[in-house]
Amino acid sequence: MVAPADRPLRADARRNRDLLLASAVRAFSENGLDATVDAIAKDAGVGIGTLYRHFPTREALIEAAYRNELTTVCDAVPELLAALSPEEATRAWMDRFIDYMTTKRGMSDALRAVITSGGNPYAHSRDLLGTALKKLLDAAGAVRAFRTDIDADDVLISLSGVALAAGEPTQREQAGRLLDLLTDGLRYRRS
């Protein structure tokens, strides 16, 4: 017999879960710890019982919302590589990474609450992000668009620096210029 947690979600349950996660990201990014689960359920268009069926605690909702954002940015790699050149895919992914970091920054108080309660929403974040970025760098290196001596972790740290320095929504133009500069650095190596 399959345990309830192991069963795939029905389409309507999946839709409700996705709506709740999107509402939670918005609410915690905009309001931090002041965001209420009642407001999140209402924004998602579901009842509070539906929210608690999917996420038994507020901390579970916060952690799931964060992990969903992480998964979204990491899972975008194959789609980007299918639609764009490896170089363009990498640059487009960098924009998504900055969006992810901006969301994470907005959710920082809520994420700290999860950590305080004993959770670790960041447990595998760096590995997942590094793996996603390595696929992009390898694809760009294979077509000689980027250098091949680049460590994905170094680029990830550089991207994190851009997010720290220009990660506010009002700084998107500057962040874009910094990402263009980083992309140029991936192309050329001094003789």
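The values are calculated or read from the model by the stated rules, or taken from the named source; none is laboratory data. Computed from a predicted model, the values in this text were never measured in an experiment. Glycine gets a Cβ as well: all are built from the backbone with ideal geometry, and neighbour counts include every protein chain shown.
When ALA123, ALA152 are screened for being among the hydrophobic types (A, V, I, L, M, F, W, C) and in contact with a helix residue (DSSP H, G or I) (Cβ under 7 Å, 6 or more places away or on another chain), only ALA152 passes. Suppose we keep only residues that are in contact with a Leu (Cβ under 8 Å, 6 or more places away or on another chain) and among the charged types (D, E, K, R) within the range 127-162. Which one would you say is nearest to ASP95 (Cα to Cα)? For the range 127-162, the residue satisfying everything is LYS135.
Can you give me the number of residues within the range 167-191 that are aliphatic (A, V, I, L, M) and free of Cβ contacts under 8 Å to residues at least 60 places away in the same chain? Within the range 167-191, residues that are aliphatic (A, V, I, L, M) and free of Cβ contacts under 8 Å to residues at least 60 places away in the same chain number 2. Looking across the range 121-146, the residues that are of a type in the set (A, V, I, L, M, F, W, C) and more than 21 Å from SER108 (Cβ to Cβ) come down to ALA132, LEU133, LEU136, LEU137, ALA139, ALA140, ALA142, VAL143, ALA145, PHE146. You will find that of ARG147, ARG112, ARG105, the residue that is among the charged types (D, E, K, R) and under 16 Å from the mean Cα position of the chain (by Cα) is ARG105 and no other.
Taken together, the residues in the range 38-49 that are in contact (Cβ under 8 Å) with a residue 12 or more places away in the chain, surrounded by fewer than 18 Cβ atoms within 10 Å (Cβ to Cβ) and assigned to a helix (DSSP H, G or I) amount to 2.
Here's the yes/no breakdown for (1) within 20 Å of ILE115 (Cα to Cα); (2) modelled with pLDDT of 90 or more:
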position: ALA5; (1), (2): no, no
position: VAL25; (1), (2): yes, yes
position: PHE28; (1), (2): yes, no
position: LEU33; (1), (2): yes, no
position: PHE55; (1), (2): yes, yes
